[in-house]
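Just so it is clear, none of the values below were taken in a lab; they were calculated from the coordinates. Computed from a prediction, not measured in an experiment: that's the story for all the values here. Counting neighbours? That spans all protein chains shown, and the Cβs are built from the backbone with ideal geometry, glycine included.
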Amino acid sequence: MLVLGIETSCDETGLALVADGRKILGAQLASSLPLHQRFGGVVPEVASRAHVELLTYELESLLGSSGISPDSIDRIAVTHGPGLPGCLLVGVAAAKALALAWDKPLIAVNHLKAHLYAALLEHPELPLEAPMIGLVISGGHTALVRMDGIHRMKLLGQTRDDAVGEAFDKVAKLLQLGFPGGPEIERTAKTGNPRAVRFTVPRIKSGTPYDFSLSGIKTAVLYRVREKPGAEKDPQFVADLAASFQSSVVEEVVQKTVAACEQYRINQLVVGGGVVANQLLRDRLQQACSERKIEVGIPSMKLCTDNGTMVAGLGAHLQPVRPADLTAVPDLRVETAETEVAA
Ligand code: KG4
Ligand code: ZN
């Protein structure tokens, strides 16, 4: 089963050809990030236009470099949510056009499930249909789920305010670092002392024990910066704040995730999303899981951030939809079943 995957939910235009849900035969990735950097965040219209400009070119490069003809492709899978509406529509329109032109079945992929599938794609030792805990942490989403295989998900916790990646982006802005903030904070934190400032994450009284709230830490960073006018020009001050912030967020994420594994007695964990590219988080997750004998699937760096491979991979496991039923769903939830969307 050879699947062409198309990802355009935010600023990355990703295309990939994956056989049988695991074997990557080719992948292309282009980002409109440089166009957004001066605005300090992704500008939706600019990102949509870039997808339009990049998609056809990337498809030609993918088919050319892999030597695969459209005849050999069995399905077209596309991210249809969640994401930026205009961006999603570009991918969905392209996928529908290709499915009609080439007469191929069309598959609607949930971007958040695709992030979780990235870990399974690269870890054949993890059974696909087992009960698992899943954690997606990206620029737009934070979701902790209980999974029965890749099809059934129950939401255990989500963010009450900022997504984890969003918190990194906002704190980086406060510290006058670049965008996206995650990699900038990580780089700056290398020369900082993670114990310089003790940030505490407030306990949330309502909601579930697995909900996240990071706006308190973000505000605490803001107060530190305001306390010392001009301090954001002091490299050691900035590095200490970046390191302390990073370490507090990582501990919060790791602690909640392993607590969910323990409470539900599930010893298989998969994680995904851009923030999983953070090395401290990867190391702390590995360590916490190995201490508790939890098997953890962490995607390689290139499959943490948005890409077409995870979409093509998951596409092998889903049922086709009728082109007329497929549309962009910007607020699609991680636990929404494919059958509910395609109905
Ligand atoms: O999954 P992704 O590429 O796009 C979304 O679906 O949102 O995630 C992007 C997010 C951004 O907020 C970015 O700052 C964060 O992932 N990120 C990181 C790192 N690399 C990317 N956060 C922390 N540490 C990193 N190394
Ligand atoms: Zn993403």
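Counting only Cα atoms, the size of segment 1-105 along its three principal axes is 42, 23, 22 Å, in decreasing order. Under a model in which nothing but the beta-carbon of Lys, Arg (+1) and Asp, Glu (-1) is charged, segment 1-105 shows a dipole of about 140 debye around its Cα centre.
Radius of gyration over Kirkwood radius for segment 97-155, both on Cα atoms: the Rg/Rh ratio is 1.08. Of the beta bridges in the chain, as assigned by DSSP with both residues counted there, near 60 percent are antiparallel. With N the number of residues in the chain, Rg(Cα) / (2.2 N^0.38 Å) evaluates to 0.99.
Sorting Thr305, Thr200 on the 10 Å Cβ count, fewest up front, what's the list? Walk me through the numbers on the way to the answer.
Values: Thr305 27, Thr200 10.
In increasing order of surrounding Cβ atoms, one gets Thr200, Thr305.
Centre-to-centre, using Cα atoms only, segment 189-216 and segment 10-67 are separated by 34 Å. Estimated purely from DSSP H runs of n ≥ 4, each contributing -39500 (n - 2.57), the mean residue ellipticity at 222 nm for the chain is -13500 deg cm²/dmol once divided by its residues. Sequence-distant contacts, meaning Cα pairs under 8 Å at least 6 residues apart, place the relative contact order of segment 62-147 at 23 percent.
Counting lysine pairs in segment 54-193 that sit 8 or more residues apart in sequence, or on different chains, and whose Cα atoms lie under 28 Å apart gives 7.
What is the ratio of the Cα radius of gyration of segment 99-231 to 2.2 N^0.38 Å, with N the residue count, to two decimals? Please list the in-between numbers first.
Numbers: Rg = 19.0 Å, N = 133, 2.2 N^0.38 = 14.1 Å.
Against the compact-globule rule of thumb, the ratio is 1.35.
Charged side chains reduced to their Cβ positions (Lys and Arg at +1, Asp and Glu at -1) give segment 173-319 a dipole of some 280 debye around its Cα centre. With neighbours defined as other Cβ atoms within 10 Å of a residue's Cβ, the residues Leu314, Leu332 order from fewest to most as Leu332, Leu314. In this structure, the amide hydrogen of Leu156, modeled 1.01 Å from its nitrogen in the peptide plane, lies closer than 5 angstrom to those of Leu144, Val145, Arg146, counting only residues at least 5 positions away or on a different chain.
As an exercise, use a Förster radius of 41 Å and the Cβ-Cβ distance of Arg187 and Arg333 to find the FRET efficiency, rounded to the nearest 0.05.
That gives a FRET efficiency of 0.80.
Per residue, the average separation of C-alpha pairs within less than 8 Å and at least 6 apart gives segment 57-112 a relative contact order of 41 percent.
Loop-only GluC sites (Glu not before Pro) in segment 113-205, please: DSSP not H, G, I, E or B, and at most 12 other Cβ atoms within 10 Å. Don't skip to the end; give the middle numbers.
On the way: sites: Glu122, Glu125, Glu129, Glu166, Glu184, Glu186; in loops: Glu125, Glu129.
In loop regions of segment 113-205 (DSSP not H, G, I, E or B), the sparsely surrounded GluC sites (Glu not before Pro) are Glu125, Glu129.
Here the Karplus curve 6.51 cos²θ - 1.76 cosθ + 1.60, taken at θ = phi - 60°, turns the phi angles of segment 103-116 into couplings of 6, 10, x, 10, 10, 9, 10, 7, 4, 6, 5, 4, 4, 5 Hz, with x standing for Gly and Pro. Helix 235-263 sits at what angle to the longest principal axis of the chain, using alpha carbons and giving 0 to 90 degrees rounded to 10? Between helix and principal axis, roughly 60 degrees. Exposure proxy ranking for Ser65, Ser247, Ser215, based on other Cβ atoms within 10 angstrom of each Cβ and starting from the fewest, stands as Ser65, Ser215, Ser247. Here the calculated FRET efficiency for Leu222 and Asp103, from their Cβ-Cβ distance with R0 = 51 Å, stands at 0.40, rounded to the nearest 0.05.
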